[in-house]
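Worksheet: one structure, shown below.
Read-outs: derived from the displayed coordinates by stated rules, not from any lab. These numbers come from a predicted model, not from an experiment. We place every Cβ from the backbone using ideal geometry, glycine too, and count neighbours over all the protein chains shown.
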Ligand SMILES: [Zn+2]
């Protein structure tokens, strides 16, 4: 596949950047055929947009590689529809509406692509992980928030979209979500919202009842997702899933008992914390036309 917006050079060295709410990681990829990279830098994510930009540029320049083919950036934030800036970012408010892609292109003189971290996670799992060769699938991250991206493909057609799975409304839920709506799934499944409600971190919750409620609600959210999109497989990631091994089988059982007429397979994502950085680099070989931000 070729990049629609930018023409890649003959070089095959790429940079992937993973900007999380807490940490930023920058990696150098010798090719896009494998999920292998070496670190160029790791630092706490700067709340200041200018400082963050500066540190990314310094790290990339310090690599001393003169023919980089491009830089792909995964951001823990919603990206504007044109794929060039951050549009919604409760954890990185100073980044909103700044010309992020343009600023990087101007300073580094290489092609730049941006995407929400769920899209990058999905791309990584599709290329190198559990979603390989699956045409209708999703990537779900269950962590501070509950985010997802879906991929619907057939032959040479493919559409990847970031979706607001955590902000679907559940019937009878009167809890107010941090997004301002009442009744969102994330009021039950978002680490941050659970912490605010119970006054302790989700890691400290051992009560079986709490996990039953958590998985009941998330199973409904997943069944809704399957019915609306007709996806076959979901790769699950995020701290809450990865640290609680019992959760995935529990969810699968509940999904199986609700869903009729089709099946939905839940699988643990394979690339773990590397998924966003690997997917960020992988963005460089996926046409921007295939991605709905
Ligand atoms: Zn919400």
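Helix 247-258 and the long axis of the chain differ in direction by around 60°, with both axes built from C-alpha atoms. Per the Cα gyration tensor, the range 122-234 maps to an equivalent ellipsoid with semi-axes of 28, 15, 12 Å, ordered largest to smallest.
Using C-alpha pairs under 8 Å with a sequence gap of at least 6, the mean separation divided by the residue count of the range 5-124 gives a relative contact order of 26 percent.
Dividing the convex hull volume of the alpha carbon atoms of the range 247-293 by its residue count, what do you get in Å³ per residue?
131
Can you tell me the 0 to 90 degree angle between the C-alpha axis of helix 49-62 and the longest principal axis of the chain, rounded to 10? With rounding to tens, the tilt is 60 degrees. A quarter of the convex hull surface defined by the alpha-carbon atoms of the range 14-94 gives 5.6 nm² as the mean projection.
Out of all Cα-Cα pairs in the range 176-275, roughly what percent, to the nearest whole number, are more than 18 Å apart? Taking all Cα-Cα pairs of the range 176-275, the fraction more than 18 Å apart is 50 percent.
Per the Kirkwood formula applied to alpha carbons, the range 76-133 shows a radius of gyration over Rh ratio, Rg over Rh, of 1.06.
Could you calculate, for the chain, the ratio of the Cα radius of gyration to the Kirkwood radius, expressed as Rg to Rh?
Rounded to two decimals, Rg over Rh is 0.97.
Compared with the dominant Cα axis of the chain, that is its longest principal axis, helix 208-229 is turned about 60°.
I need the peptides 52-60, 72-80, 138-146 ranked by packing, meaning the mean over residues of other C-beta atoms within 10 angstrom, with the highest value on top.
Result, highest mean Cβ count within 10 Å first: 138-146, 72-80, 52-60.
Show me, bin by bin at 5 Å from 0, the whole-percent P(r) of the range 1-157 based on Cα pairs. P(r) over the range 1-157, rounded to whole percents: 2, 8, 17, 22, 22, 17, 9, 3, 0. Using a cutoff of 8 angstrom between alpha carbon atoms and counting only pairs six or more residues apart, the relative contact order for the chain works out to 23 percent. Packing around the peptides 111-123, 278-290, 222-234, 170-182, taken as the average count of other Cβ atoms within 10 Å per residue, puts them in this order, highest first: 111-123, 278-290, 222-234, 170-182.
Taking the beta-carbon count within 10 Å as an exposure proxy, list 198, 95 from fewest neighbours to most.
198, 95
When each of 212, 265 is scored by the number of other beta-carbon atoms lying within 10 Å, the sequence from fewest to most is 212, 265.
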